[in-house]
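So the structure is just underneath, and the comments pick up after that.
The values are calculated or read from the model by the stated rules, or taken from the named source; none is laboratory data. Note that the structure is a prediction, hence the values are computed from the model and not measured. Note: ideal-geometry Cβ built from the backbone for every residue, glycine included; neighbour counts use all protein chains shown.
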């Protein structure tokens, strides 16, 4: 990283703009906007092509000509036909299914652009894959033992790994957790490893949307201080769609404790836009780790693959209320549907679910259609259209699904970063600045 940083410092911006101005361009609006904005380039990392095109359209610039394809053996080839030297390049790529292929495509695109002489490279990752793999002690250990294990190993760990060596505190730990030598197998902290790969590839900055887990700041900390991570919030865009419903006694529900902050944002946003007093509730999973493992085993062997909701407990009253469940991710939809069933049994009048990232793995779409949820709202951070025919048919047949675009937010973030502007209003949702809905009640 040292030589790269020095080369960036030695580059004079006047030279860059002179180079751009010297290029032969037509008088078309798109190319004129490109020159006016300076050396700004946007390209796709192989997936999210439609999303990248939408972002570029909002910026008024073309998508750079970068050819990404796969060989017969699965290897990825990247070729850039765009002038990159001296440019401020934004590579757009969600690291979603196929996750590992998307990550490799992003890494190779970044290295190709770095070798082509780009002045600055920003990875725009609307959905950051492996964000849920942030490490931690095994869940079946008691908290006191876990703290001792983590504290005793911090000085010995290689970056991105957890390796628990023999400790007196482990003697009473269950054999299902530890091996015959009293050790736990090494596990990667995958989110940290992805961060290291991006930095080594030459990325200067990362922009993402509603980074998971919400509000913890763990993934941002996996990057070194010289690589800032900017997380923009989708709350304002989501509320525009959510508040198209005229709620009766609205209650915002956090499906787990991590989403309480997000639930409060929606609570204040609905009150501001519709002028209606809005309640808040949370669903807790009171099951022990042993019960959770048993439930997971039962779910894996169950033909329907549904989650048991016996251990779920609702804190709050939703009887006769319109309920809005807010979460960060819908993956298999098992957890979401289990919570929806609990809310329906508790008397919810209508159930709307919002999640930023829609992975829709396996039978997720079928589960959502068969669940008590009346409407599912999500964004376009993940491309769910390019899968097999069965999935495409399920997507086209989904009656409850509504998708909103965060491309305008991402485009604004890119424009502000390129112009050294502030992203404060994109990072933090302020309900007091939200435009109230004209049909709100007093």
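A few remarks follow.
- Verdict on residue 227 being buried (at least 22 other Cβ atoms within 10 Å of the Cβ) and not assigned by TED's automatic domain parsing to the domain that holds residue 376: no
So that you can scan it fast, the table gives a plain yes or no per residue for (1) out of contact with any helix residue (DSSP H, G or I) (no Cβ under 7 Å at 6 or more places or on another chain); (2) surrounded by 16 or more Cβ atoms within 10 Å (Cβ to Cβ); (3) under 28 Å from residue 191 (Cβ atoms):
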site: 233; (1), (2), (3): no, yes, yes
site: 246; (1), (2), (3): yes, no, no
site: 252; (1), (2), (3): no, yes, yes
site: 255; (1), (2), (3): no, yes, yes
site: 262; (1), (2), (3): yes, yes, yes
site: 269; (1), (2), (3): no, yes, no
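- The set of residues in segment 103-160 that are at pLDDT below 50, out of contact with any helix residue (DSSP H, G or I) (no Cβ under 6 Å at 6 or more places or on another chain), in a loop (DSSP other than H, G, I, E, B) and crowded, with 18+ Cβ neighbours inside 10 Å comprises 138, 141.
- Segment 178-201, subset buried (at least 17 other Cβ atoms within 10 Å of the Cβ) and assigned to a loop (DSSP other than H, G, I, E, B), residue modelled with the lowest pLDDT: 178
A quick yes/no check of all residues on (1) over 18 Å from residue 405 (Cβ atoms); (2) in a strand (DSSP E or B):
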| residue | (1), (2) |
| --- | --- |
| 241 | no, no |
| 247 | yes, no |
| 251 | yes, yes |
| 273 | yes, no |
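- Checked against the criterion of being assigned to a helix (DSSP H, G or I) and either within 22 Å of residue 409 (Cβ to Cβ) or outside the structural domain of residue 102 (by TED's automatic domain parsing) (or both), segment 346-354 has no qualifying residue.
- Residues in segment 361-388 that are part of a loop (DSSP other than H, G, I, E, B) and at pLDDT 90 or above: 7 in all.
- Counting only residues that are surrounded by fewer than 17 Cβ atoms within 10 Å (Cβ to Cβ), under 13 Å from the mean Cα position of the chain (by Cα) and part of a helix (DSSP H, G or I), segment 202-224 holds 1 of them.
- Test: residue in segment 254-271 that is more than 29 Å from residue 423 (Cα to Cα) and either in a strand (DSSP E or B) or at pLDDT 90 or above (or both): no
- Verdict on residue 313 being closer than 16 Å to residue 254 by Cα, modelled with pLDDT of 95 or more and surrounded by fewer than 19 Cβ atoms within 10 Å (Cβ to Cβ): no
- Among residues of segment 225-239 being in contact with a strand residue (DSSP E or B) (Cβ under 7 Å, 6 or more places away or on another chain) and outside any strand (DSSP E or B), the one that is nearest to residue 319 (Cα to Cα) is 238.
- Taking segment 317-345 as the range and being touching a residue at least 60 places away in the same chain (Cβ under 8 Å) and part of a loop (DSSP other than H, G, I, E, B) as the test, the residues that pass are 317, 318, 320, 321.
- Residue in segment 284-291 that is at pLDDT below 90, more than 30 Å from residue 412 (Cβ to Cβ) and within 20 Å of the chain's Cα centre (by Cα) present: no
- Scanning segment 79-95 for residues that are surrounded by fewer than 21 Cβ atoms within 10 Å (Cβ to Cβ) and in contact with a strand residue (DSSP E or B) (Cβ under 6 Å, 6 or more places away or on another chain) yields 79, 80.
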